[in-house]
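A.B. asks: Shown below is the structure under consideration.
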Amino acid sequence: MKTAPHRSTPGLKQIALLASMACLPVMGQPPPQAPLPTERLPFALPPLLQADGALHPDWRVVGFPKQHTDLPITRFEAGQVDGQAAVQVNTEASYGTLVHTLPADPPVLPGRLRWRWRLDTPLTGGLRAPDLRSKAGDDAALKVCVLFNQPLERMSFIERSLLRIARASSGEDLPGATLCYVWDSGRPAGLSGANPYTRRVRFISLQGQGAPLGQWLSEERNVSKDFVTLFADELPDGRDTARQALPTIRAVLIGADSDNTASRSSGWVADLQWLPR
């Protein structure tokens, strides 16, 4: 169990959650700030798997920082299912992400993201039911997230202050905004909103209860549009904000967690691609 955050200062869970998404190799050394792009630059994610079937070295496993909480790490293993090479993602009261961090130069604006995923075992056997709206149930059997360099000045005074405190407490340049696409084990698809621990993370439930298990499902999302929808309150022109005014991308990750509910799950992710607009 992890401590819930205090109302006025970032709590252990909030700091640890953000720190686990910071994806920085060295504590206290934030990456250089990228200039705002003036035009779209070509960008391709490295494949999740190498030609020999092993996990690609440009993707690395990140768990909760040990100084905040000592949780088991979700397992990410290269494998095959139904003849499809993929990354198997298994949780058991654990938390973890498989992260690719983008270089600061050239900067990359959000575009479209495509992937395939399948859930074999939803979150089961836990102490409580999963519930993405509550701190006690905030677990996802599968997720794909995009991390952004959201400027502090776009946040409310409270959010800006909380993030500054969290950055100072962790010693890391925590991401200003994270958008997650999740497979919800607690209710049907369609839920969206802010993470119950921090508004720096917001989510859309693409699959949920009633979705077929043990079958590959394909997803394609307009990340620019989804970011504008979920973070409109922090954009210069709200829902009318142009793509060129959106923050650049820091990292992309896949993950799963079952630590809050002390449950377990098993799924797969494959063919994660960044697409031209």
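None of the figures in this text is laboratory data; all of them are computed from the coordinates on show. From a predicted model like this one, the values you see are computed outputs, not experimental measurements. Neighbour counts run over all protein chains shown; Cβ positions are idealised from the backbone, glycine included.
A.B. asks: Give the calculated FRET efficiency between Glu92 and Ala129 to the nearest 0.05, with a Förster radius of 22 Å applied to their Cβ-Cβ distance.
C.D. replies: 0.80
A.B. asks: Right, here's the next one. Using per-residue counts of other Cβ atoms within 10 Å, averaged over each peptide, order 153-165, 119-131 from highest down.
C.D. replies: On the way: 153-165: 15.1, 119-131: 18.0.
For the peptides 153-165, 119-131, the packing ranking is 119-131, 153-165.
A.B. asks: If Lys and Arg each add +1 and Asp and Glu each add -1, what is the summed charge of the other residues whose beta carbon sits under 13 Å from the beta carbon of Ala256? Display every interim value, and only then the final one.
C.D. replies: Details: positive: Arg75, Arg118, Lys143, Arg264; negative: Glu77, Glu92, Asp120, Asp138, Asp139, Asp184, Asp257, Asp259.
Residues close to Ala256 contribute a combined charge of -4.
A.B. asks: Please compute the contact order of the stretch 50-275 in relative form: average sequence separation of alpha-carbon pairs under 8 Å and at least six residues apart, divided by the residue count, as a percent.
C.D. replies: Details: 521 pairs, mean separation 81.3, N = 226.
Once divided by the residue count of the stretch 50-275, the mean separation gives 36 percent.
A.B. asks: How many angstrom lie between the Cα centre of the stretch 229-275 and the Cα centre of the stretch 146-170?
C.D. replies: If you average the Cα positions of each part, the centres end up 17 Å apart.
A.B. asks: Here is a follow-up. Shape of the stretch 78-148 from its Cα gyration tensor (a ≥ b ≥ c, root eigenvalues): rounded if a/c is under 1.5, otherwise prolate when a/b > b/c, or oblate? Mind dumping the intermediate values first?
C.D. replies: On the way: a/c = 2.43, a/b = 1.36, b/c = 1.78.
Note, shape of the stretch 78-148 comes out oblate.
A.B. asks: For the stretch 50-275, what Kirkwood radius comes out of the mean inverse Cα-Cα distance, in Å? Can you show the working numbers first?
C.D. replies: Numbers: mean 1/r = 0.0556 Å⁻¹.
Radius from the Kirkwood sum: 18.0 Å.
A.B. asks: Using the 10 angstrom Cβ neighbour count as an exposure proxy, how do Lys135, Lys143 rank, fewest first? The partial results should precede the final answer.
C.D. replies: Numbers: Lys135 18, Lys143 23.
Sorted ascending by nearby Cβ count, the order is Lys135, Lys143.
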